[in-house]
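The values are calculated or read from the model by the stated rules, or taken from the named source; none is laboratory data. As the structure is a computational prediction, the values presented were derived from the model and not from experiment. Quick reminder, even Gly has a Cβ in these numbers, built from the backbone with ideal geometry, and neighbours come from all protein chains shown. We work out accessible area using only protein heavy atoms, side chains counted, and drop any ligands, DNA or RNA first. Shrake-Rupley method; radii C 1.70, N 1.55, O 1.52, S 1.80 Å.
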Amino acid sequence: MKFETNEKGEFKRTSSSFRDVIEKGGKFPPEIGRYHLYVSYACPWAHRTLITRVLKGLTGIITISVVHWKMDDKGWRFATSNSEFPGATVDNLYGFRRLSEIYFKADPHYNGRFTVPVLWDKKLETIVNNESSEIIRILNTAFNDLIDTEHSKIDIYPEDLHSEIDSLNSWIYDNVNNGVYKAGFATTQSAYEEAATNVFKYLDKIENILEGRHQKKQSYLLGDVLTEADIRLFTTAIRFDVVYVQHFKCNIGMIRFNYPHIHKWMRNLYWNHEAFRSTTKFDHIKFHYTKSHPGINPLGITPLGPLPNILPLDG
Ligand SMILES: N[C@@H](CCC(=O)N[C@@H](CS)C(=O)NCC(=O)O)C(=O)O
């Protein structure tokens with residue numbers, strides 16, 4: 001797979017191209033069973049949508065297909081059968097072999113990247129949205145009339161916290177979520193050093209925030225409520241020690257040894273929240289990165305450690 005870098009060897013991520021919403025009275029109205037998510041358990045952006053789907057009680061409303069962890073020069077493929085690899089599925093809607101076929105079904109002239117996640121409309125047979133940050137906001141509100149109150153009252157983007165969430169999201173995305181990719185896909189020593197150093201500068205900043213929360217006996221980035229900012233940081237944090245440290249060379253420190261408050265926050269989400277634990281598949285994560293980037297790891301050998309993938313709550 002070729003990734004985009006500029007003349008300085010810096011990684012640049014292309015933006016998503018389908019940006020519709022699900023809303024009452026709109027082109028895509030909320031309906032039980034109408035929408036489908038194409039996801040990967042390996043991908044941190046798709047992982048956001050998987051967590052939100054479980055957290056909001058939408059597993060009976062939105063169906064899913066999960067690509068195989070191996071991404072090659074033609075992009076993602078589906079499993080050849082539902083028993084090829086635990087968790088990976090065939091394309092449950094069309095029996096396609098490749099995710100690219102889904103994009104071409106939506107738009108025969110599509111010329112962007114074939115990324116996960118994809119929110120698909122079974123009725124109009126097209127892509128509603130392929131930008132994870134927008135998909136999780138759709139899942140947060142669009143189906144609230146169709147689910148029980150226990151789930152409809154969960155709000156990962158509460159009105160009074162909009163500006164704080166937006167601000168956290170913005171610098172955490174640039175410097176951490178996408179920051180690890182900038183380090184990993186840098187093609188010059190200087191671009192790598194700058195990106196990797198920057199990741200740790202911002203992990204230090206997050207550690208300080210979470211230390212403050214801990215002193216106030218609060219469990220989440222913004223206090224007592226779990227928000228999308230936690231979801232978005234979690235999908236990077238949970239991959240950090242097991243993949244980004246060695247594969248993306250972000251090895252100035254590890255969450256488990258150097259960031260006690262991030263570590264505690266992450267283990268709380270993983271061990272105490274089913275939505276986080278049940279959607280985290282370490283085998284997909286480890287195999288995907290280490291066996292899908294021949295430019296970074298030509299032999300595709302997956303390192304065994306660190307073990308365990310995540311320490312116990314009080315470990
Ligand atoms: N902006 C997108 C990014 C999604 C993305 O880059 N997904 C990666 C997997 S982690 C992908 O599918 N890459 C395939 C490719 O770039 O060809 C989002 O957040 O939804």
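Within segment 116-135, being open to solvent by less than 50 Å² (accessible area, probe 1.4 Å) and either more than 14 Å from the ligand (Cβ to nearest atom) or not aliphatic (A, V, I, L, M) (or both) holds for Pro117, Trp120, Asp121, Thr126, Asn129, Asn130, Glu131, Ser132, Ser133. Taken over segment 133-183, residues that are charged (D, E, K, R) and in contact with a strand residue (DSSP E or B) (Cβ under 9 Å, 6 or more places away or on another chain) amount to 2. Scanning segment 213-254 for residues that are within 18 Å of the chain's Cα centre (by Cα) and β-branched (Val, Ile, Thr) yields Thr227, Ile231, Thr235, Thr236, Ile238, Val242, Val243, Val245. Highlighted here are the helices (runs of 4 or more DSSP H) found entirely within segment 164-242 that include at least 2 residues which are free of Cβ contacts under 8 Å to residues at least 24 places away in the same chain: 189-215.
Being within 10 Å of the ligand (Cβ to nearest atom), farther than 16 Å from Tyr41 by Cα and modelled with pLDDT of 95 or more is a description that does not apply to Ser81.
Here is the figure for segment 14-28: residues that are part of a loop (DSSP other than H, G, I, E, B), within 14 Å of the ligand (Cβ to nearest atom) and of a type in the set (Lys, Arg) total 0.
For segment 55-111, taking the residues that are among the acidic types (Asp, Glu) and more than 19 Å from Lys286 (Cβ to Cβ), the one that is most open to solvent (accessible area, probe 1.4 Å) is identified as Asp73.
In the set Phe282, Phe234, Phe276, only one residue is of a type in the set (Phe, Trp, Tyr), open to solvent by 10 Å² or more (accessible area, probe 1.4 Å), modelled with pLDDT of 95 or more and closer than 23 Å to Pro86 by Cα; that residue is Phe282. Figure legend. Inter-residue proximity from segment 41-52: first residues within 7 Å of the ligand (Cβ to nearest atom), second residues open to solvent by less than 10 Å² (accessible area, probe 1.4 Å) and among the basic types (Lys, Arg), beta-carbon distance below 7 Å, spacing 6+ or different chains. Indicated pairs: Pro44/Arg239. When restricted to residues that are closer than 19 Å to Ile238 by Cα and open to solvent by 50 Å² or more (accessible area, probe 1.4 Å), segment 185-208 contains 4.
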